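The values are calculated or read from the model by the stated rules, or taken from the named source; none is laboratory data. Remember, it's a predicted structure, so these values are computed and weren't measured experimentally. Virtual Cβ from ideal backbone geometry, glycine too; neighbours counted across all protein chains shown.
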Amino acid sequence: MIPGDGIGSEVIDSARAVLDAVCARHSVSLEYTEFDWSCERYANEGAMMPADGIETLRGFDAILLGAVGWPGVPDHVSLWGLLIPIRRTFRQYVNLRPIRVFEGVRSPLRGADDVDFVVVRENNEGEYSEVGGRVNRGLPDELAVQESIFTRVGVSRIADFAFELAASRRGYVTSATKSNGIVHTLPFWDEVVAERAARHPDVRWDSEHIDALAAKFVLSPERFDVVVGSNLFGDILSDLAAAVAGSIGIAPSANLDPTKEFPSMFEPVHGSAPDIAGQGIANPVGAVWSAALMLEHLGHAAAAADVVAAMETTLRDEATRTKDLGGTASTQEVTQALVRALG
Ligand code: NAD
Ligand code: IPM
Ligand code: MN
């Protein structure tokens, strides 16, 4: 467990309480080690995690993370010093981000109550590359360059994951692209996705330009089943999807190494939310749902299903919804309700 910064530790406390309750009920025993890797550690020791941090994590079955990032520490330090190296070293090439409009939760969109889809975000390459640089800092001719890297292996495996996932759901994949505007990378993405689609004739699919797709997320979110996108497109679409489903506070994510050679990482989609940190009002559901995805990954499907059922019960009741969902409950009250719902 890496609670991290801001509301990260608040929501991880909640996830841990729910895990303890559900594991007791299912006689599942999990062992936890907690690491204080965070911006606070950076301020005190000059690094987000120890030099052998990645090696330390390698021995675990799963990583449960709150959020990292805090004002005063540049995001490139906090994120490239912890989160991104974990995703990359452990080849967590799938970032799975399910979204649902739960009963009792109001979408900001009229009539959007039948929303249930999954964003499958490529998590290891694409626009998030280390290749690039800045020169002539502060001068009139200053410039910044960023390369996007798309590989055949990288696009094929994320497309395959999306098609296989869709085959177990409603059988429909939407691929996010921008082949009309970005000359090299996305036509390549499209070609590789089409090749992989041909191997999954049981799954319907289409491709949408990212700008039009963003509009359709708002206009007709119920039509989507599995949406596959590059690292940056998937990042943006997952916050948008979370907002459509009522709040970014609900959205979970699973950073998966599907081969299970390395540990996978589970974390809410949201960040450390400095604007509400310390107030005890953060919505813990995104972290709790992430913990359910972790249970599923570890082979405890029945326990995972119980956690989701407890979320459904809790969200249905206005008295146990946090402020971001229009309620007045505290993080702790929601946590207690979740534990109660688990029996
Ligand atoms: P954010 O997700 O932290 O916050 C965006 C808005 O959503 C804020 O108004 C916040 O109050 C609200 N919000 C987020 N989670 C909530 C919850 N659980 N309950 C209620 N409201 C919630 O995004 P940001 O402001 O862009 O980023 C803040 C910091 O977090 C930055 O340093 C950023 O880099 C970092 N970040 C980290 C991760 C991660 O560790 N995976 C993810 C996103 C952002
Ligand atoms: C997320 C976050 C991260 C990302 C940031 C904090 C680097 O926004 O997990 O969605 O862009 O991947
Ligand atoms: Mn994001």
Tell me the residue from Ala159, Ala176 that is within 24 Å of Ile84 (Cβ to Cβ), in contact with a Lys or Arg (Cβ under 7 Å, 6 or more places away or on another chain) and not hydroxyl-bearing (Ser, Thr, Tyr), please. Ala159
Is it true that Thr328 is within 21 Å of Ala273 (Cβ to Cβ), assigned by TED's automatic domain parsing to the domain that holds Asp61, crowded, with 23+ Cβ neighbours inside 10 Å and not small (Gly, Ala, Ser)? no
For region 143-156, indicate whether the set of residues that are under 19 Å from Val192 (Cα atoms), β-branched (Val, Ile, Thr) and not in a helix (DSSP H, G or I) is non-empty. yes
Could you tell me whether any residue of region 293-300 is free of Cβ contacts under 8 Å to residues at least 12 places away in the same chain and buried (at least 21 other Cβ atoms within 10 Å of the Cβ)? no
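Yes/no matrix, rows are residues, columns are (1) under 21 Å from Asp113 (Cβ atoms); (2) within 16 Å of ligand 1 (Cβ to nearest atom):
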site	(1), (2)
Ala212	no, no
Arg223	yes, no
Val228	no, no
Ala287	no, yes
Ser290	no, yes
Ala310	yes, no
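Name every residue in region 241-260 that is near ligand 3 (Cβ under 10 Å from one of its atoms) and in contact with a helix residue (DSSP H, G or I) (Cβ under 7 Å, 6 or more places away or on another chain), in order of residue number.
Listed by number, the residues that qualify are Ile248, Ala251, Ser253.
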Of the conditions (1) away from ligand 3 (no atom under 16 Å from the Cβ); (2) surrounded by 15 or more Cβ atoms within 10 Å (Cβ to Cβ), Val11 satisfies every one except a single condition; which number is it? (1)
Please verify whether region 181-188 includes one or more residues that are within 30 Å of Leu109 (Cα to Cα) and at pLDDT below 95. yes
Under 9 Å between Cβ atoms, at least 6 apart or on separate chains: pull out the pairs that start in region 276-287 with a residue that is within 21 Å of Val307 (Cα to Cα) and end on any residue that is near ligand 1 (Cβ under 8 Å from one of its atoms) and among the acidic types (Asp, Glu). Ile281/Asp324; Ala282/Asp324; Asn283/Asp324; Gly286/Glu267; Ala287/Glu267
Selection from region 69-120 of residues that are more than 19 Å from Pro268 (Cβ to Cβ) and of a type in the set (A, V, I, L, M): Val73, Val77, Leu109, Ala112
Within region 254-262, can one find any residue that is assigned by TED's automatic domain parsing to the domain that holds Asn124, more than 24 Å from Ile12 (Cα to Cα), modelled with pLDDT of 95 or more and surrounded by fewer than 17 Cβ atoms within 10 Å (Cβ to Cβ)? no
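Look through Phe233, Phe217 and report the one residue that is within 21 Å of Gly171 (Cα to Cα), in the same structural domain as Gly171 (by TED's automatic domain parsing) and either within 16 Å of ligand 3 (Cβ to nearest atom) or not aromatic (Phe, Trp, Tyr) (or both).
Phe217
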Can you tell me which residue in region 83-134 is farthest from ligand 2 (Cβ to nearest atom), limited to those that are surrounded by fewer than 21 Cβ atoms within 10 Å (Cβ to Cβ), within 24 Å of Ala291 (Cα to Cα) and polar (S, T, N, Q)? Ser107
Please name all residue pairs, on different chains or six or more residues apart, with Cβ atoms under 8 Å, provided the first residue is in region 71-95 and is free of Cβ contacts under 8 Å to residues at least 60 places away in the same chain and among the hydrophobic types (A, V, I, L, M, F, W, C) and the second residue is in a helix (DSSP H, G or I) and away from ligand 2 (no atom under 11 Å from the Cβ). Val73/Cys39; Val73/Tyr42; Val73/Ala43; Val77/Tyr42
Within region 66-82, residues being within 13 Å of ligand 3 (Cβ to nearest atom) and either crowded, with 20+ Cβ neighbours inside 10 Å or over 17 Å from the mean Cα position of the chain (by Cα) (or both) number 4
